[in-house]
Amino acid sequence: MAPSGPTTFSTEDDAWIVLNGIPHLGPVTLRRLFDHFGPDPHLILNSTERALLAVEGVGPKIANAVRNWPDHFDLAREKRLLQKHEADFIKQTDVSYPAPLREIYDPPIGLYSLGTPCFRTPSVAIIGSRRTTLYGLRTAREIASGLARRGVCVVSGLARGIDTAAHEGALEASGPTVAVLGNGCDIVYPPENLELYREIRKHGTIFSEFPFGYRATRQSFPMRNRIVAGMCQAVLVVETDLSGGSLITARFAGEQGRQVMAIPGRIDQATSAGCHQLIRDGATLVTSAADILDELRLEELPLGDTSSSAEPRSPTDVSGLTENETVILKSLEGGEILHSDQIARQTDLPSSTVSSTLLLLELRRRIRKHSDGRFELR
């Protein structure tokens, strides 16, 4: 059934939000629609079925979804959620839209944005395996921290493993970091990264091209990865095996003309096999943030050039903590790395109290636990 008349919207952004949220309408087809109808999304939404079917890749299913979009997408609900979550929808024509993304073949027509706008160029994506080693986690964190201190925006995907370490490193340096999600920006995945999600929202930016409530699928993660690669000048792969999704992101980066970099590892470690393959295929071997700055010719960036108003956060900042949490944090000052029984002896707290408090501090990402069971400040 055809619409009774031209569709009108109360704000300029509404048509963009609708186009972005219509099911079955992917970024490549959207690009073809814009190429055919021009830059005004109203022309697409108010076009005839015959005109839509004349566009390559548009079949009856997509044409019906566009023509009858209110049956497929609840714009009023989406606008309520934008307000509820204090989010923005950044359309492709906005100045705040990441400029490098416009250069790729299939850019998202818009991005949902949560948090403090912090994306800037230069930017580097740091990615890798979810199943990683302590070496990989430490390397990702240290390089991210070094880049962030120089004002380089660290971009990753909020996944377990290397992504998490990269975001943490940037936050620890009070530098800019962007998390690109493979689901709606109101969904935290993996759930154990809830506190990290909150920290990034507070001090950085969360992006997603998916509407609110959208659950991750096998297709949404590659879509997320093309954004991670496309918005950066370079992509650094820290650890990945030969079948890892990071290799897909690296391939996107190469196709998009971005520089691909990789961290070498042990030759008998499966999680380094993908990086070694990338290096054999021509990726730049790097071992530090300084190597990356040199490769991108950013050596002259002044230290601490983050243009962020946030003050560096002390690892021993005890504001908002309980008395027991404060006592335990004080016991780890000065770089001590202690077992829980050592902390119990130093603090005169019961072992059960120490164990439960350490778990809470670890969940809050105030401390980190080593593989040997010892703890230290983050």
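So here's what we get for this one:
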item: Test: residue in the range 153-164 that is over 22 Å from Thr284 (Cβ atoms), among the hydroxyl-bearing types (Ser, Thr, Tyr) and out of contact with any Asp or Glu (no Cβ under 7 Å at 6 or more places or on another chain); result: yes
item: Residue count, the range 136-156 (criterion: surrounded by fewer than 24 Cβ atoms within 10 Å (Cβ to Cβ) and assigned to a helix (DSSP H, G or I)); result: 6
item: Residues located in the range 180-193, provided they are without any contact (Cβ under 8 Å) to a residue 40 or more places away in the chain and crowded, with 19+ Cβ neighbours inside 10 Å; result: Asn183, Asn193
item: Filter pass, Ser174 being touching a helix residue (DSSP H, G or I) at 6+ places or on another chain (Cβ under 7 Å), in contact (Cβ under 8 Å) with a residue 60 or more places away in the chain and either in the same structural domain as Gly204 (by TED's automatic domain parsing) or not in a helix (DSSP H, G or I) (or both); result: no
item: Residue in the range 1-32 that is modelled with the lowest pLDDT, counting only those that are in a helix (DSSP H, G or I), out of contact with any Gly (no Cβ under 9 Å at 6 or more places or on another chain) and surrounded by 13 or more Cβ atoms within 10 Å (Cβ to Cβ); result: Pro27
item: Cβ-Cβ under 9 Å pairs, at least 6 apart or on other chains, the range 319-332 side at pLDDT 85 or above, far side among the acidic types (Asp, Glu); result: Val327/Asp348; Leu329/Asp317; Leu332/Glu376
item: Residue pairs meeting the criteria (Cβ under 6 Å; at least 6 apart or on separate chains; first free of Cβ contacts under 8 Å to residues at least 12 places away in the same chain, in the range 346-359; second of a type in the set (Val, Ile, Thr)); result: none
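The values are calculated or read from the model by the stated rules, or taken from the named source; none is laboratory data. The model shown is predicted, which means the values in this text are computed figures rather than measured ones. Neighbour counts are summed over all protein chains in view; Cβ atoms, including those assigned to glycine, are modelled from backbone coordinates with ideal geometry.
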